[in-house]
Amino acid sequence: MEITLTGITTTGAPHLGNYVGAIQPAIAASRRTDVQSFYFLADYHALVKCQDPALVHRSRLEVAATWLALGLDIDNVIFYAQTDIPEILELTWIITCVTAKGLMNRAHAYKAAVAENLADPNNDPDKAVTMGLFSYPILMAADILMFKAHKIPVGKDQVQHLEMARDIAARFNYLYGEHFVLPEAVVDEKNAVLVGLDGRKMSKSYGNTIPLFEPEKSLRKLIMRIKTNSLPPEAPKDPETCTLFQIYHAFAATEESAAIRERYAQGIGWGEMKQILFERLNAELSEPRQRYYALLEQPGYIEQILKKGAARAREYSAPFLQELRRAVGIQPLGA
Ligand code: TRP
């Protein structure tokens, strides 16, 4: 059976852009029965970006609760935390030893960090570059190779990491025999990029996000803050350049969007449109939001789910790691 695998970095609570672009399609895919899917919290990856223990802890809970609240099918998929699978770290070292440093030198995220340092001639090129940042793609390769995953749904920014995982797997296979499956990135071009409060791409780094499970009152307030132009209510308006419509469109059914387009053509007041957008979002999110806040109160229950998932995942990873240790020459003496 084909194996797919999705890693979710646990840094901060997800926003509407994450939901539309990645989470919603992944939740839908979790019901597929023609593939075996692995979904995991990439909490070791979170340590690369975040060294605040309270935030790391909180993000693990929030991200797990988010996916469960939205209806991730945990009977069908194997859902676990990376940090509960010790074999992943063992594999990370084994493949680190076959990974060329030159390959890692080419990683976009690492190169960007160095380039930023060099923009200031007084800076050391290695300033604030940890080995975690440098080796990030190797850990990611281990996540994937551990479960012999064929297809990895990712955003465009992750495609290079998938190429690196293939390179590493091929190098290992060449040295030690065909143990790894070469994974493929699946980039969904259709997936919407959502605009944020200020009309730019919704992104944590722009500070223009709407948190997915913002409580009702503050959700309304945030929507009221979205930038619009100053056309009077009766003037016909262009939906395509309007942030309110873009967000509405990402959530609404085709007919609903068509009806709203019609209203734009006739002239619609921004106050009314903001109210319509609020109601549409709230209709979709209020139930999962309730489940989310209930789940946040039951961290022990979430932990149990993750531990069960980890036990299922380790049925694959533990025997495979034994095979890999033997392949490189680590096995009981005399055996
Ligand atoms: N690096 C990915 C991201 O930032 C998260 C991730 C970690 C991942 N390990 C993975 C994604 C393995 C897919 C497969 O989005």
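The values are calculated or read from the model by the stated rules, or taken from the named source; none is laboratory data. It should be emphasised that the depicted structure is a prediction, and the values quoted were computed from it without experimental measurement. We place every Cβ from the backbone using ideal geometry, glycine too, and count neighbours over all the protein chains shown. Surface accessibility is based on the protein's heavy atoms, side chains included, excluding ligands, DNA and RNA. Shrake-Rupley method; radii C 1.70, N 1.55, O 1.52, S 1.80 Å.
Assorted remarks:
- Any chance ILE330 is open to solvent by less than 70 Å² (accessible area, probe 1.4 Å) and either at pLDDT 95 or above or over 25 Å from ILE95 (Cα atoms) (or both): no
- When residues of region 108-149 are limited to those that are within 16 Å of the ligand (Cβ to nearest atom) and β-branched (Val, Ile, Thr), the one nearest to GLN82 (Cα to Cα): ILE144
- Scope region 63-83; condition open to solvent by 30 Å² or more (accessible area, probe 1.4 Å) and under 22 Å from MET140 (Cα atoms); matching residues: THR83
- Selection count where residues are open to solvent by 50 Å² or more (accessible area, probe 1.4 Å), without any contact (Cβ under 8 Å) to a residue 24 or more places away in the chain and more than 13 Å from the ligand (Cβ to nearest atom), scope region 164-178: 2
- Some residue of region 26-35 being within 10 Å of the chain's Cα centre (by Cα), within 12 Å of the ligand (Cβ to nearest atom), open to solvent by 30 Å² or more (accessible area, probe 1.4 Å) and more than 18 Å from SER205 (Cα to Cα): no
- Of the criteria (1) over 23 Å from THR66 (Cβ atoms); (2) crowded, with 16+ Cβ neighbours inside 10 Å, which one ALA252 fails: (1)
- Unmet criterion (only one of (1) surrounded by fewer than 18 Cβ atoms within 10 Å (Cβ to Cβ); (2) over 20 Å from MET131 (Cα atoms); (3) of a type in the set (A, V, I, L, M, F, W, C); (4) within 14 Å of the ligand (Cβ to nearest atom)) for LEU41: (1)
- For region 264-309, a residue qualifies if it is under 22 Å from the mean Cα position of the chain (by Cα) and closer than 20 Å to CYS242 by Cβ, and the qualifying residues are LEU281, GLU284.
- Filtering region 225-249 to residues that are within 24 Å of GLU284 (Cβ to Cβ), part of a loop (DSSP other than H, G, I, E, B) and open to solvent by 70 Å² or more (accessible area, probe 1.4 Å) leaves ARG225, LYS227.
- ALA46 being in the same structural domain as VAL129 (by TED's automatic domain parsing) and under 21 Å from ASP84 (Cβ atoms): yes
- Of ASN105, ASN123, all but one fail to be open to solvent by 20 Å² or more (accessible area, probe 1.4 Å) and at pLDDT below 95; the exception is ASN123.
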